[in-house]
1. Can you name the condition, by its number, that Leu49 falls short on among (1) touching a residue at least 60 places away in the same chain (Cβ under 8 Å); (2) within 17 Å of the chain's Cα centre (by Cα); (3) open to solvent by less than 50 Å² (accessible area, probe 1.4 Å)?
2. Looking at Ser7, Ser36, Ser29 in this structure, which one is within 30 Å of Ala168 (Cβ to Cβ), within 18 Å of the chain's Cα centre (by Cα) and not aromatic (Phe, Trp, Tyr)?
3. With respect to Ser12, determine if the residue is within 19 Å of the chain's Cα centre (by Cα) and among the hydroxyl-bearing types (Ser, Thr, Tyr).
4. Residue check, Asp176 against (1) surrounded by 20 or more Cβ atoms within 10 Å (Cβ to Cβ); (2) not in a helix (DSSP H, G or I), all met but one. Which one?
5. Looking at (1) open to solvent by 30 Å² or more (accessible area, probe 1.4 Å); (2) among the aliphatic types (A, V, I, L, M); (3) touching a residue at least 24 places away in the same chain (Cβ under 8 Å), which is the one condition that is false for Val103?
6. Checking the condition among the hydrophobic types (A, V, I, L, M, F, W, C), within 28 Å of Phe33 (Cα to Cα), free of Cβ contacts under 8 Å to residues at least 12 places away in the same chain and assigned to a helix (DSSP H, G or I), which residue from Leu181, Leu151 passes?
7. May I ask you to verify whether Leu144 is under 12 Å from the mean Cα position of the chain (by Cα) and assigned to a helix (DSSP H, G or I)?
8. Of these, Ala61, Ala110, Ala93, which one is of a type outside the set (Phe, Trp, Tyr), open to solvent by 40 Å² or more (accessible area, probe 1.4 Å) and either in contact with a Ser or Thr (Cβ under 8 Å, 6 or more places away or on another chain) or at pLDDT 90 or above (or both)?
Amino acid sequence: MSPSPISALVGSVRLLGGDRRGLEAMDLSLDGFWASFRVMLWLAPAVALSLLADLRLNELAGTPRQTSDGLVILAGVVSYVAGWVAFPLLLAALGRPLDLGRVFVPWMVARNWTAIPASVPYVVVVVAWLIGVLPTRGLGPATLAALGFSLFCGWRVAVLAGGRPWGAGIAYTLVDFLLGLLIESGADRLFDL
């Protein structure tokens, strides 16, 4: 019997805490690999909050509206989906030269499951700002702190699940992050935002 989503989440928290045995709580089979991409759907409400915050920030900044909210949301959804699959596709394409064969599936499964706890600080920041608890002047520093935690999570997974040395783990984490920025920028250009 394969592990439940709850045990995979518990395993991801253990992994982020530095315990490589957290991987044992995840389904590291090929079926588990594909199933772990469902996390993308579970995080959709967090993405919706982020898009709502983006629209509200543009409104507060007095940014001229050249496109509809619907187009901004569509660009955000395209960017989100492409961002989820781009790094795994890149690593799959480079798997042989980078000697990722034995760690690719566990790494991507762990990457997907740890996205949930990695996103919690950002969700707290966005919700706190949207409900008025966090002032707008505090949004930038709080978002940077949440980003730092997310990057730490990516590094921890690269090291423990991906078997990368700590320096290489930093490089892989930055590639994943920069790839996401590139995709977001591309989506904005595609939709003329």
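The values are calculated or read from the model by the stated rules, or taken from the named source; none is laboratory data. Predicted model, so just to flag it, every value in this text is computed and none were measured. Here Cβ is always computed from backbone atoms with ideal geometry, including for glycine, and neighbour counts include all displayed protein chains. What goes into the accessible areas is simple: the full protein's heavy atoms, side chains included, and nothing from ligands, DNA or RNA. Shrake-Rupley method; radii C 1.70, N 1.55, O 1.52, S 1.80 Å.
1. (3)
2. Answer to the selection: Ser36.
3. yes
4. (2)
5. Every condition holds for Val103 apart from (1).
6. Sole residue among the options that is among the hydrophobic types (A, V, I, L, M, F, W, C), within 28 Å of Phe33 (Cα to Cα), free of Cβ contacts under 8 Å to residues at least 12 places away in the same chain and assigned to a helix (DSSP H, G or I): Leu181.
7. Values: under 12 Å from the mean Cα position of the chain (by Cα): no; assigned to a helix (DSSP H, G or I): yes.
Considered against the rule, which asks whether it is under 12 Å from the mean Cα position of the chain (by Cα) and assigned to a helix (DSSP H, G or I), Leu144 comes out as no.
8. Details: Ala61 fails: either in contact with a Ser or Thr (Cβ under 8 Å, 6 or more places away or on another chain) or at pLDDT 90 or above (or both); Ala110 fails: open to solvent by 40 Å² or more (accessible area, probe 1.4 Å).
The unique qualifying residue is Ala93.
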